[in-house]
Amino acid sequence: MSEEIKNFLYLNRRAPYGTIYAWESLEVVLIGAAFDQKVSLAFVDDGVFQIVKGQKTEQIGMKNFSPTYSALGDYDVNQLYVERESLEERGLTVDDLMHLTWEDEDEDWAEKDSIRVVSRAEMAEIITQQDVVFSF
Amino acid sequence: MSDLHTINKSPFEKSSFDSCMEHVLEGSAVLLYEDGVYAALKGTAAEGKVKSVQGVKVYALGPDLNARGLQEERVIDGVEIVDYAGFVDLAAKHDKVVAWV
């Protein structure tokens, strides 16, 4: 196996619960995190709904997997790009999203934000800079 | 990088086509296949975006057009029809594939 480190982007474009895509993406992200690659996540279109705070799923009989996003930082998955236009089209702001953080061991475990809100044009650049894009 | 963006959903049912067209960069290519080929037709609400995208070559998969009864003359001028081998060539010659599923 090559030891070359590649940039992997998980492109999330679907809302949670209505389909299995969001959960499946999260599962693959966690599996992929074990392989020491550079991993980032993008939330575009309805994908931004995945990280809305305050999800409560008891009454629909499905597992609430939103707390798992908070654990991503512990797996060195700490670059979550959220598209500003997708938020705005859905009446959301960054304040509606979960506060996702990671601890930077190079800076005495300082807590840092994982979410970066970027423009659609910036998202296009982020996508093209990757070696591999997984779409969900 | 020069990427191959693929769209396999109808532009009238899903946002895949619109999102792709808003994220594709000059020098990249778009391949329409499965229900994505409906975006390749003349006279639809999608035609303007296919024609106006700058520096981006658009392809449509012939077998999926044929399966849906869509004749070549209905395809927007400038959209190149490819077969499965052409799909493989496109995937191979670009840096990566970005799927808008």
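FYI, it's all coordinate maths here, none of it is from the lab. In this text the structure is predicted, and so the values were computed from the model without any measurement. Positions of Cβ are backbone-derived with ideal geometry, glycine not excepted, and every protein chain shown enters the neighbour counts.
With a/c under 1.5 counting as rounded, go ahead and sort chain A into rounded, prolate or oblate using the C-alpha gyration tensor (a ≥ b ≥ c being the square roots of the eigenvalues; past the cut-off, prolate if a/b is larger than b/c, else oblate).
rounded
For A:49, B:17, which order do you get if you count the other beta carbons within 10 Å of each Cβ and list the fewest first?
With the sparsest Cβ surroundings first, the list reads A:49, B:17.
Could you compute the net charge surrounding residue B:27? Neighbours are other residues with a C-beta less than 11 Å from the C-beta of residue B:27; K and R count +1, D and E count -1.
Net local charge, residue B:27 excluded: -2.
Of the DSSP beta bridges with both residues in the protein assembly as shown, give the percent that are antiparallel, rounding to the nearest 5.
15
For a 27 Å ceiling on Cα separation, which of these pairs sit above it: B:42/B:96; B:14/B:51; A:38/B:57; A:112/B:9?
B:42/B:96; A:38/B:57; A:112/B:9
Determine the shielding of peptide B:14-22 by partner chains: average, over its residues, the number of Cβ atoms on other chains within 10 angstrom of each Cβ.
3
Would you give the gap between the C-alpha center of the stretch A:73-136 and the C-alpha center of the stretch B:30-101, rounded to a whole Å?
31
Where does chain B land at 222 nm, in deg cm²/dmol rounded to the nearest 500, when only DSSP H runs of n ≥ 4 count, each adding -39500 (n - 2.57), divided by all residues?
Calculated mean residue ellipticity at 222 nm is -7500 deg cm²/dmol.
Mind running the shape call on the stretch A:72-136? Use the C-alpha gyration tensor, a ≥ b ≥ c as the square roots of the eigenvalues: rounded below 1.5 for a/c, prolate if a/b tops b/c, oblate otherwise.
oblate
What ranking do B:90, A:92, A:11 get, fewest neighbouring Cβ atoms within 10 angstrom at the top?
Exposure proxy ranking, most exposed first: A:92, B:90, A:11.
Tell me the relative contact order for chain B as a rounded percent, counting alpha carbon contacts under 8 Å between residues six or more apart.
37 percent.
Evaluate chain B: find the radius of gyration of its Cα atoms, find its Kirkwood radius, and give the ratio Rg to Rh.
0.92
Let me see the P(r) profile for the protein assembly as shown: every Cα-Cα distance counted, bins of 10 Å, each bin given as a percent of all pairs.
7, 30, 32, 21, 9, 1, 0
With r defined as the distance between the Cβ atoms of residue B:47 and residue A:38 and R0 fixed at 35 Å, what FRET efficiency is calculated, to the nearest 0.05?
Efficiency, from the Cβ-Cβ distance: 0.35.
Along the Cα-to-C-beta direction of residue B:89, a point sits 7 Å from the Cα; which residues of the stretch B:15-39 have their amide N less than 17 Å from that point?
B:29-32
Summing Lys, Arg as +1 and Asp, Glu as -1, what charge do residues with Cβ under 13 Å from the Cβ of residue B:87 carry, residue B:87 excluded?
Spelling it out: positives minus negatives among the neighbours equals -4.
Which FRET efficiency value, to the nearest 0.05, is calculated for residue B:10 and residue A:109 with the Förster distance at 35 angstrom and r the Cβ-Cβ distance?
That pair, residue B:10 with residue A:109, gives E of 0.10.
Full extension from residue A:89 to residue A:31: what is 0.36 nm times the residue separation minus their Cα-Cα distance, to one decimal in nm?
Net length gain for the segment: 17.7 nm.
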